[in-house]
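Worksheet: one structure, shown below.
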Amino acid sequence: MMPTGLARYETTLAGLERKGRRRTLIAQDGVDFSSNDYLAFAGSTRLAAAVTAAVQRGVPVGAGGSRLLRGNHPEHEALEEEAAAFFGAERVLYFGSGYAANAALFSTLPQRGDLIVHDALVHASAHEGMQASRAQAVPAAHNDVEAFARAIEQWRSGGGNGHPWIAVESLYSMDGDRAPLAKLAALADRHDGFLVIDEAHATGVFGPSGRGFAADLEKHGNVIVLHTCGKALGVSGALLGASATLCDYLVNRARGFIYSTAPSPLMAAAVREALRMLTDEPQRRADFDALRTFANAELTRKLGMEASGSQILPVMIGDNGRAVRIAARMRAEGFDIRAIRPPTVPEGTARLRVAITLNVDRPTITRMFTRLAAIMAEEKP
Ligand SMILES: Cc1ncc(COP(=O)(O)O)c(C=O)c1O
């Protein structure tokens, strides 16, 4: 018999099922149209060789402890120094994941009496940190600089006397559109505030040598930039670039950094190699630029929709059930496409998130959009 304490979870799961929101784990199968392995680094021989070489020179698999205790391995420190030089940050800290880094930074840096104004579409990990923060957090309409400014002005006129924080993604993970970074940086400066830029989907792909859209801002003392390593860099973890003062503060106060085993030193070695690959394999980024441009044009040609311009190509469906059905039919035909539903995206905006990576070629992209157009026509709204 089921213990009575489990019944409430079954009830919730049944409710999710009714709303077309119940998730299951689906094995990867078919051509990759959903990963964030944009530059095909994850399966590259160069990253594999870097890990093998690291094992051979004695780098351990596990760190064995927190960075503040014995877990601080020379590979972590070498990575952080090289990443600071690469991205142009005063200092960089390596976290075990982007989720952990966002949770740590938002829960630790904004202080009581500060205000966090976040874009309405920022990632769940930023919300995780904001919920634990002592600062008040309010949303601003997506990419609306005026809305950010109004939120700060209202808070100031209501007696807010701390520092404002502006939280955005440089390239939005589910929409593939860009934030107006220069205007937001000017707004942060005008109000003696801070700007947090999550470059998860831009790192490696955009900016000089793949340094991201925030490359010119990364040196500013009031700008914090997050480069996740599990997407274009093909590994795992996240590099948080900020002033030495803020990094030092995180080392002293961020619970997720302090009370957690350090990331695998082998992964640090792999990320070091990924940064070198960005510098010495510029052809990959050039090939990717061309492929991305092609895919955007194909989406518009085959589906008659406007494309995002980036490698993240949302195909809006609206209804949860229809999105799931279309994605399942595409997978059955060998195209690994996933439906993204609320609460990951706003209610009524279920979509297919088509991601372009160097794991696919042009003819496959054309075949995929041709089939998608046909299946969308058959699966009527
Ligand atoms: C915008 C954004 N920030 C942070 C994260 C979390 O990064 P990670 O996958 O390294 O935990 C993701 C990935 O899901 C993301 O899309």
Exactly one condition in (1) away from the ligand (no atom under 14 Å from the Cβ); (2) open to solvent by 10 Å² or more (accessible area, probe 1.4 Å); (3) in contact (Cβ under 8 Å) with a residue 12 or more places away in the chain is not met by residue 235; state its number.
(1)
Quick one: is residue 101 modelled with pLDDT of 95 or more and either open to solvent by 40 Å² or more (accessible area, probe 1.4 Å) or of a type in the set (Val, Ile, Thr) (or both)?
no
Can you confirm whether the range 60-72 contains a residue that is assigned to a helix (DSSP H, G or I), more than 20 Å from residue 248 (Cβ to Cβ) and either of a type in the set (A, V, I, L, M, F, W, C) or open to solvent by less than 80 Å² (accessible area, probe 1.4 Å) (or both)?
no
With respect to residue 33, determine if the residue is in contact (Cβ under 8 Å) with a residue 24 or more places away in the chain, buried (at least 16 other Cβ atoms within 10 Å of the Cβ), among the aromatic types (Phe, Trp, Tyr) and not assigned by TED's automatic domain parsing to the domain that holds residue 216.
yes
Could you check the range 296-311 and list, in sequence order, the residues that are in contact with a helix residue (DSSP H, G or I) (Cβ under 8 Å, 6 or more places away or on another chain) and on the phi < 0 side of the Ramachandran plot?
298, 299, 301, 302, 303, 305, 306, 307, 308, 310, 311
Could you grab me the full set of residues in the range 278-301 that are of a type in the set (Phe, Trp, Tyr) and open to solvent by 20 Å² or more (accessible area, probe 1.4 Å)?
294
Of the conditions (1) closer than 22 Å to residue 182 by Cβ; (2) within 16 Å of the ligand (Cβ to nearest atom); (3) open to solvent by less than 20 Å² (accessible area, probe 1.4 Å); (4) not in a strand (DSSP E or B), residue 149 satisfies every one except a single condition; which number is it?
(2)
Filter result (in a strand (DSSP E or B) and surrounded by fewer than 24 Cβ atoms within 10 Å (Cβ to Cβ)) within the range 170-189:
178
For residue 167, state whether it is assigned to a helix (DSSP H, G or I) and assigned by TED's automatic domain parsing to the domain that holds residue 237.
no
Please verify whether residue 368 is farther than 29 Å from residue 122 by Cβ and open to solvent by less than 10 Å² (accessible area, probe 1.4 Å), treating the condition exactly as stated.
yes
Could you tell me which residue of the range 104-116 is farthest from the ligand (Cβ to nearest atom), considering only residues that are open to solvent by 20 Å² or more (accessible area, probe 1.4 Å) and of a type outside the set (D, E, K, R)?
113
Filter result for residue 266 (within 29 Å of residue 46 (Cβ to Cβ), within 14 Å of the ligand (Cβ to nearest atom) and modelled with pLDDT of 95 or more):
no
Could you name every one of the strands (runs of 3 or more DSSP E) located completely within the range 293-381 that has at least 3 residues being touching a Leu at 6+ places or on another chain (Cβ under 7 Å)?
312-318
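The values are calculated or read from the model by the stated rules, or taken from the named source; none is laboratory data. The structure displayed is predicted, hence computed values, not measured ones. Virtual Cβ from ideal backbone geometry, glycine too; neighbours counted across all protein chains shown. The accessibility values were calculated without ligands, DNA or RNA, using every heavy atom of the protein model including side chains. Shrake-Rupley method; radii C 1.70, N 1.55, O 1.52, S 1.80 Å.
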